[in-house]
1. Suppose the filter is more than 14 Å from residue 170 (Cα to Cα) and crowded, with 17+ Cβ neighbours inside 10 Å; does residue 72 pass it?
2. Would you point out the residue of the stretch 49-68, among those that are farther than 16 Å from residue 156 by Cα and surrounded by 15 or more Cβ atoms within 10 Å (Cβ to Cβ), that is modelled with the highest pLDDT?
3. Is one or more of the residues making up the stretch 78-93 within 15 Å of residue 41 (Cβ to Cβ), crowded, with 17+ Cβ neighbours inside 10 Å and touching a residue at least 60 places away in the same chain (Cβ under 8 Å)?
4. Go through the residues of the stretch 91-102 one by one and say whether even a single one is of a type in the set (Val, Ile, Thr) and touching a helix residue (DSSP H, G or I) at 6+ places or on another chain (Cβ under 6 Å).
5. Residues to consider are 75, 141; find the one that is closer than 20 Å to residue 156 by Cα, in contact with an Asp or Glu (Cβ under 6 Å, 6 or more places away or on another chain) and part of a strand (DSSP E or B).
6. Let me spell it out: the conditions are (1) of a type in the set (Lys, Arg); (2) part of a strand (DSSP E or B); (3) farther than 25 Å from residue 58 by Cβ, and residue 120 meets all of them except one. Which number is the exception?
7. What's the total number of residues in the stretch 132-155 that are closer than 17 Å to residue 52 by Cβ and either out of contact with any Ser or Thr (no Cβ under 8 Å at 6 or more places or on another chain) or modelled with pLDDT under 85 (or both)?
8. Looking only at residues that are in contact with a Ser or Thr (Cβ under 7 Å, 6 or more places away or on another chain) and part of a loop (DSSP other than H, G, I, E, B) in the stretch 35-52, which one is farthest from residue 170 (Cα to Cα)?
Amino acid sequence: EDVTIEANDDLLTWIETLTTLDVNQDGVIDTDECVIEGTIILTQRGNVAVEDLKEDDLLYAPNFTDGSYGYFKLKHKKASTTQRIVQIVTTGGAELFCSVSHNIYHDSAPENKMPVSKLRPGAPIYILSDEHILHKDTVAKIRLIHSPGVTVYDLDVEEPIDIYFSNAILSHNKTIDPGHEGGPELPGGEDGPAAGGAGVDVVVGTGSEDGD
């Protein structure tokens with residue numbers, strides 16, 4: 001059964017559903033941080049569907065080491081299948097379909113990695129516009145969809161980067177270290193993400209920043 005939440009009143013149903021349905025078609029717990037076929041990834045070749053990415057493609061991302069933005073090598077792409085995916089829709093209309101364990105960049109999460117299974121309506125989310133302007137948006141709706149056998153892709157990006165844009169939403173590609181608290185902020189620090197390199201300017205939205 002599909003589950004949609006648009007308000008905190010539905011959180012208990014959301015959590016209970018995830019704890020019983022977070023398995024792939026082989027009955028194995030789904031731990032891959034994946035996006036579905038057709039998801040657009042920003043690369044040095046422009047916008048490329050995730051299934052068409054090639055190893056050694058360069059993915060556009062922020063660099064937490066020197067505060068710049070640039071292109072970073074895709075080391076590996078892995079395809080798998082899952083039984084259930086999550087749809088995220090933001091207030092501004094951005095949309096992403098991904099695995100339950102996929103991580104979204106979140107200001108206050110450990111290592112800034114928030115699994116979509118813990119994402120809530122009203123949570124902050126970062127969106128890259130067509131003009132390469134980074135906006136702070138908020139989650140408007142989350143939907144868990146029963147979709148047996150859907151193909152998803154997990155991406156591994158070179159160090160020190162473990163982040164990229166999927167359907168223009170700032171996402172992570174690595175698992176969280178449970179013992180690590182905090183994490184690097186986007187370039188720019190407390191005043192919001194700042195752009196460096198590649199001619200990127202930044203606009204921080206005015207939506208709510210509440211969220212877990």
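1. Yes.
2. Within the stretch 49-68, the match that is modelled with the highest pLDDT is 68.
3. no
4. yes
5. 75
6. (2)
7. 1
8. Step by step, filter the stretch 35-52, then rank; the result is 37.
The values are calculated or read from the model by the stated rules, or taken from the named source; none is laboratory data. Here the structure is a predicted model, which is why all the values come from computation and not from measurement. Note that we place each Cβ from the backbone using ideal geometry, even for glycine, and neighbour counts take in every protein chain shown.
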